[in-house]
Amino acid sequence: MDGNGRWAARHGSTRSFGHEQGIEAVRSTVEGAGEIGISYLTLFAFSTENWARPQEEVDALMNLLVYAIEQETENLLRNNVHVMVIGDTAKLPGQVREKLLNCIDRLKNNTGLTVVLALSYSSKWEIVEAVKKIASDALNHKISPDDINIGLFEKYLSTTGIPDPELLIRTSGEYRISNFLLWQIAYSELYFTEKLWPDFRKEDLFEAIADFQNRERRFGLTSEQIAG
Ligand code: IPE
Ligand code: MG
């Protein structure tokens with residue numbers, strides 16, 4: 001979800017106002033994803049690297065998170081949305097963690113769309129955490145080095161149980177991944193749009209999905225093999 005700061009600059013307002021405007025984009029996208037029967041939608045809301053932004057902006061983002069969670073939980077409950085979080089949540093301020101856990105708990109029986117919030121998340125952090133746990137389990141003889149394979153490795157990632165993304169959308173005309181789900185996007189289709197995040201709506205999601213539907217996903221095989 002990129003481009004809040006540039007959106008704000010273009011509208012002559014503060015970066016924090018740009019982030020606030022991003023909430024409507026989240027609401028519309030989540031609603032659209034639910035309407036068309038998407039199972040998982042992962043939102044990269046705050047990265048490990050974002051902690052190094054000016055304290056004032058970090059504080060504004062954390063306050064906005066608390067506000068958005070409070071504001072949206074009822075709506076999510078009604079829309080049968082389930083919420084999960086991935087990332088180093090121990091770093092989040094207590095109030096954010098508390099609201100978040102409360103929201104997750106309230107939505108735990110919902111069976112529709114799962115929204116995965118990537119908060120204080122980075123892929124390199126996640127992979128290193130997985131390696132640490134694997135090393136510790138090997139030292140404690142819970143696993144042997146020979147047991148380590150792709151399937152076992154994935155069990156140690158924070159996304160365990162969540163299917164790999166089929167489509168990754170990046171907004172704001174930036175063409176990079178920025179430490180997001182590096183392992184999981186090995187075969188994801190990538191979609192880039194010039195739209196700044198606060199201007200993104202469900203119609204933009206549908207447009208991205210229509211584009212995705214015209215692609216041939218070969219997973220390293222030939223076109224003939226896929227057709228056969
Ligand atoms: C995305 O918008 C929101 C977060 C990273 C939290 P940015 O704040 O990165 O917006 P730009 O890139 O400065 O336009
Ligand atoms: Mg940015």
Cβ-defined net charge surrounding residue 158, 10 Å radius [Lys, Arg +1; Asp, Glu -1]: -3
- request: Give the value in nm², to one decimal: projected area of the alpha carbon convex hull of segment 82-121, averaged over all directions.
  value: 2.5 nm²
statement: If each K or R counts +1 and each D or E counts -1, the residues other than residue 24 whose Cβ falls under 10 Å of its Cβ total 0
statement: Largest-first semi-axes in Å of the equivalent ellipsoid built from the Cα gyration tensor of the chain are 29, 24, 18
field: Placed amide H near residue 116: partners under 5 Å, 5+ positions off or other chain
entry: 41, 42, 43, 84
- prompt: Can you pull the Kirkwood radius for segment 53-181, inverse mean 1/r over Cα pairs, to one decimal in Å?
  reply: 16.9 Å
task: At most 13 other Cβ atoms within 10 Å plus a DSSP loop assignment makes a site exposed; report the longest stretch of the chain without any exposed trypsin sites (Lys or Arg not before Pro).
output: 1-107
- prompt: Counting pairs on different chains as well as pairs 8 or more places apart, how many Lys pairs in the chain have Cα atoms under 17 Å apart?
  reply: 11
- prompt: Counting pairs of Cα atoms in segment 105-213, how many percent are more than 19 Å apart?
  reply: 58 percent
query: When the Cα centres of segment 13-36 and segment 101-159 are compared, how far apart do they sit, in Å?
result: 27 Å
query: If you plug each phi of segment 43-51 into the Karplus form 6.51 cos²θ - 1.76 cosθ + 1.60 with θ = phi - 60°, what whole-Hz ³J(HN,Hα) values come out, in order, with x for Gly and Pro?
result: 10, 7, 8, 7, 9, 3, 5, 4, 4
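Since every read-out is calculated from the coordinates, none of them should be taken as a lab result. Quick caveat: nothing in here was measured; it's all calculated off a predicted structure. With ideal geometry, Cβ positions are generated from the backbone for all residues, glycine too; neighbour counts draw on all protein chains shown.
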